[in-house]
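Q: This structure is in structure tokens; I'll ask about it shortly.
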Amino acid sequence: MRIYKAKNYDEMSRQAANVISAQVIMKPNCVLGLATGSSPLGTYKQLIDWNNKGDLDFSGVKTVNLDEYKGLTKENDQSYYYFMYNNLFKHINIDLKNTNIPDGTEPDSAIECARYNRVIDDIGGIDLQLLGIGHNGHIGFNEPDSEFAKMTHCVDLTESTIEANKRFFASIDDVPRQAYTMGIKTIMQAKKILLIASGADKARILREALCGPVTPQVPASILQLHNDVIVVADEAAMAEF
């Protein structure tokens with residue numbers, strides 16, 4: 001595991017974008033695992049800028065996203081499809097047919113989880129998976145549990161995650177209670193993992209995940225067992241190291 005301390009969020013975003021751009025340049029037809037939330041926004045803006053300048057070409061890239069709220073349509077402005085389209089995909093030269101996100105409108109969890117697992121297998125697995133980290137150590141929507149969930153599954157969101165996400169909705173009652181998410185095994189099968197973290201509120205959990213025991217109670221702690229992890233965090237998030 002390689003850990004890089006950035007001065008602030010902007011520097012963290014540039015360093016993370018450098019890692020992703022190097023992957024795309026080295027393998028133009030690579031598969032990128034992508035994440036949503038506030039943490040990767042700066043990274044995506046940097047990638048858009050390089051693409052617009054002609055320094056980065058996404059025409060051969062395929063993507064798979066970590067997760068999607070169950071019950072939200074693509075048109076819902078809080079869906080992760082909407083997030084990815086408006087914050088990355090529509091601004092770069094990627095073929096939308098090569099972008100993959102769980103279908104939140106599929107009511108049958110078994111059908112959707114099996115379909116998404118096949119999608120990832122059919123494109124050859126993930127070359128580089130981008131991750132953020134939740135305040136309770138979740139990665140994707142893999143919440144603290146008694147065991148590590150393996151493959152794509154439907155998860156009941158914890159109250160802490162619902163609380164953290166309520167700022168994006170009109171009220172806490174509007175926050176979905178379930179989501180489809182890649183499992184820990186799927187994430188760990190990525191050839192390379194890039195974890196980003198920013199802010200003092202992530203300092204405790206980042207240290208716990210990277211330096212504490214490997215336990216499903218802190219899902220991100222499993223990353224200690226992966227052979228190629230890059231962590232890019234700003235000074236505030238690294239305060240307890």
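The values are calculated or read from the model by the stated rules, or taken from the named source; none is laboratory data. Given the structure is predicted, the values throughout are model-derived calculations rather than measurements. Every residue, glycine among them, receives a Cβ derived from its backbone with ideal geometry; neighbour counts consider all protein chains shown. When the accessible area is computed, the model is the full protein with side chains, heavy atoms only, and any ligands, DNA or RNA have been set aside. Shrake-Rupley method; radii C 1.70, N 1.55, O 1.52, S 1.80 Å.
Q: Just to confirm a number: summing +1 for Lys and Arg and -1 for Asp and Glu over residues other than VAL119 whose beta-carbon lies under 13 angstrom from that of VAL119, what do you get?
A: -2
Q: What translational D, rounded to a whole number of µm²/s, comes out for the chain from Stokes-Einstein when the hydrodynamic radius is the Kirkwood one over Cα pairs, at 37 °C and 0.692 mPa s? It would help to have the intermediate numbers written out before the result.
A: Working: Rh = 17.8 Å.
After rounding, the answer is 184 µm²/s.
Q: With every protein chain kept in place and ligands, DNA and RNA left out, what is the accessible area per residue of the chain? Probe 1.4 Å, answer in Å².
A: 45 Å²
Q: Springs between alpha-carbon pairs under 10 angstrom, Gaussian network model over the chain: which of ILE187, ILE139, ILE162 fluctuates most?
A: Looking only at ILE187, ILE139, ILE162, the biggest GNM fluctuation is shown by ILE162.
Q: Roughly how many percent of the accessible protein surface of the chain is carbon and sulfur, given a 1.4 Å probe and a whole-percent answer?
A: 49 percent
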